[in-house]
Amino acid sequence: MKHFLKETDFQAHELGEVFALARTYKQQRGRELSAVLKAQTWAMIFSKSSTRTRVSFEVGIHELGGNPLFLNKNDIQLGRGESIEDSAKVLSRFVHGLIVRTYDHADVQRLAAAGTVPVINALTDFLHPCQIYTDAFTAAERWAGPNGDLVASLKGRKIAYLGDTAFNMANSWILGASLFGMKISLAGPKGFEPGPEIQAALKAEGRAVDYHFTHDPYEAVAGADLVYTDVWTSMGQEEESKKRIALMSPYAVTAKLFAAAKPDALFMHCLPAHPGEEVEQAVLDNPRSVIFDEAENRLHMQKAIMTVLAKSARK
C-alpha cells in the first residue's frame, strides 16, 4: 500500500508522472471530470482548521469522481475513545483513502501502518508534503515553461527560507530539496535551527544533511531563485506569539531583502500571510510573488497525488 506521509514517499523516478498529472489537471481546470475515484469515498480527518487544504481536497475528490467525507476532531473518537490503530482498521472498511491534518506526525504514521487504504499527510507539526510538492510545481511552471521538463527545471535551483526554520514548512523544504536536487539556505534566530528530528529523517533515508543555516538573512537570500517564508506563529503556538515576533522580526521578507536575491527570484508564502510581520505587503504584491498560483495549485497537485495513490491501491 502506497501512502504520502512525507516528500520522499515518491521516489525521484516517480516525480515526472506526479508533476505531469498536475500540469494536465491544471490545463483541464475541472472542465473534464475524471473517473479515477469513481464510486469511492475519501475521508478527511482534520484536527486543525484550514481554508486551502479543506477546499482543495474536497473539490479535488469531487473532480476525480469521488465523494469527500469531512470529519473534524469532534466527529470521531480518533485517539480518544478508540485507539488510532482501531480507528484505522474500522475506517478502512468504509472508505477508500484517508486525508489527515493533525498535530503529531506519529498519528499519520500509525494510521498508515494499521489501515489498509492510502493515507495522505495534509499537514502535521513535522511536515507538510502536499504544500511542498505544490510549491515545487508552481516554481517549475515558471522555470520550465508550458512544455518543458518540470522536474528537471528544479535541479540546482536555490531556495532561501526565512523565519521559523525549526517547524513543518522548513522541515519539508529541507527534505523536499534533497529529493528535487535543489539547494536550500535557511535563516532564523538562535534556538530555531532545524532540529534533530529532520536530521534523523535525512539520515534514516541515507540522505546527506545538505542545507545551510545562518543567522544572517542576507546571506541566505544571496543567489536565491526562490525566497520563502511562513507565519511565525502557527496553530498551537499562540501563547508564544509576542516572543516569536520579537525574535524573528530581523527575518521579515522586506522589499530590500527580496531585492538581495536574484533579479528574477520568485517569492512564495503558503498563506495565510500576516503583512507587516513575516513579510511586507509590497513583497506580497510584487509581480514575482506567486502566492495565489501556489494556492490554486494545491488543487491540481493533490489531484495528481490522489490519482497515483488510487491507482497503486488497485494493483
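The values are calculated or read from the model by the stated rules, or taken from the named source; none is laboratory data. All values reported here derive from a predicted model rather than from experimental measurement. Cβ atoms come from the backbone with ideal geometry, glycine included; neighbour counts cover every protein chain shown.
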Can you find a residue that is in contact with a Ser or Thr (Cβ under 7 Å, 6 or more places away or on another chain) and not aliphatic (A, V, I, L, M) anywhere in the stretch 6-24? yes
Modelled with pLDDT under 95 and among the hydrophobic types (A, V, I, L, M, F, W, C): is that true of residue 35 in this structure? yes
Given the structure, is residue 216 closer than 24 Å to residue 143 by Cβ and either buried (at least 23 other Cβ atoms within 10 Å of the Cβ) or of a type in the set (Asp, Glu) (or both)? no
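Checking the condition in contact (Cβ under 8 Å) with a residue 40 or more places away in the chain, under 26 Å from residue 150 (Cα atoms) and surrounded by 20 or more Cβ atoms within 10 Å (Cβ to Cβ), which residue from 19, 46 passes?
19
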State whether one or more residues within the stretch 263-277 are touching a residue at least 40 places away in the same chain (Cβ under 8 Å), more than 27 Å from residue 156 (Cβ to Cβ), over 22 Å from the mean Cα position of the chain (by Cα) and surrounded by 18 or more Cβ atoms within 10 Å (Cβ to Cβ). no
Among the helices (runs of 4 or more DSSP H) confined wholly to the stretch 86-205, which include 3 or more residues that are within 25 Å of residue 26 (Cβ to Cβ) and either touching a residue at least 12 places away in the same chain (Cβ under 8 Å) or in contact with a strand residue (DSSP E or B) (Cβ under 8 Å, 6 or more places away or on another chain) (or both)? 129-144, 168-180
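Matching residues to (1) surrounded by 13 or more Cβ atoms within 10 Å (Cβ to Cβ); (2) in contact with a Phe, Trp or Tyr (Cβ under 6 Å, 6 or more places away or on another chain); (3) more than 17 Å from residue 160 (Cα to Cα):
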site: 242; (1), (2), (3): no, no, yes
site: 290; (1), (2), (3): yes, no, no
site: 293; (1), (2), (3): yes, no, yes
site: 307; (1), (2), (3): yes, no, yes
